[in-house]
Every structure is written in C-alpha cells, then in structure tokens.
C-alpha cells in the first residue's frame, strides 16, 4: 500500500472515531482546533490524535514533520475547525476539495471572484505552511455555508501536493472539480 493510501486510511479511521458522540470526541475536537494554524509538533495535546497508531513509515523520526505528518495534521485540525458546532460529520465521501470550494459560489455568482481568489491562493501557495493558512480560510467558509468534503481524500491529496512531481496533478484535479461542478450545475439549470 502506498504512503498516500496509508494517509487516507489513517485519517478515515480517526474521523470515524471522532464522529461518535462522547466526552473523548468533544475534548479531542477541541484539542485539534487549538492545533489549527500551527505546524505538526507545535501542540503536544494533539499528538494523541495525530500520532497515536501512526504507521512507522509515515513518521519522520528526525524532529521535522514528514509529508504524511503534515497531511494528517492539516486534515485533522481543519476537520475539527469545520466540525465545530455541527452534529453530523462534515466529512462526506466523494466530495473533493475542488467540488466543496465550488459549492461556495453563490447561484448568482456574486461571490465567485472572492471564492476563486482564495482557491487560487491555496493552489499557488509557496510551501505547506502558506497552503495551510489559505486552506483554513476556505474551510471556515465551508463551515459557515454548511458545505461538506471528503477529509480522508483531502489528506491524501495534501500528501501528494507536497511532492513537486505530483503537485500540478493535484491542483489540476481540484481545478477540474471546481469548474466541472459549476459547468454541470449551470447546464442543469439552463436545461442543456
């Protein structure tokens, strides 16, 4: 199994555990929210969630977060931000990051340029820290607009995004999802 697939499975299992109701889940989501906007390793209280049971080949063991640790940390902390105050899980299988961002565009497209500029900032980020900052602003918009997305797939995509040879592929897929969702919904509305 590839490392990207391991990241997907790890995040899927963690989100499944967090989607049950209980005091551990509530406390864990609060800890993850406090870790949002910080790099992996900066907040020890999230390690129980982001590092416990992590497959050994995904860890760096160098004191610097691995690409997998970045992807997991980012997906889990953003999931917690998105999940705040919501009873049903905001992780929806099959809804890519690009599709979710596209769903933020109002039917009259009045806000399209603002959403698009935030999306472009994510896609053109220089480094994972800048990527995380811009992605968080979109996740906060998703939360405010009740838009869900596939967080295990997001984690897998973020993992791949960090490699120069696959970054353009991830961005293109998200771009296709962003524009194809708009094209499909536009064609349905016009009867085409």
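For this structure, a couple of remarks:
- Scanning the stretch 135-153 for residues that are free of Cβ contacts under 8 Å to residues at least 24 places away in the same chain and crowded, with 18+ Cβ neighbours inside 10 Å turns up nothing.
- Selected residue (only one of 137, 89 is part of a helix (DSSP H, G or I) and either over 21 Å from residue 20 (Cα atoms) or modelled with pLDDT under 95 (or both)): 137
- Residue within the stretch 57-67 that is touching a strand residue (DSSP E or B) at 6+ places or on another chain (Cβ under 7 Å), over 16 Å from residue 17 (Cα atoms), in a loop (DSSP other than H, G, I, E, B) and touching a residue at least 12 places away in the same chain (Cβ under 8 Å) present: no
- The condition of being at pLDDT below 95 and under 16 Å from the mean Cα position of the chain (by Cα) holds for only one of 121, 75, 125, 68, that being 125.
- Test: residue in the stretch 157-164 that is assigned to a helix (DSSP H, G or I) and at pLDDT below 95: yes
The values are calculated or read from the model by the stated rules, or taken from the named source; none is laboratory data. Worth saying up front: this structure is predicted, and the values here are computed from it rather than measured. Note: ideal-geometry Cβ built from the backbone for every residue, glycine included; neighbour counts use all protein chains shown.
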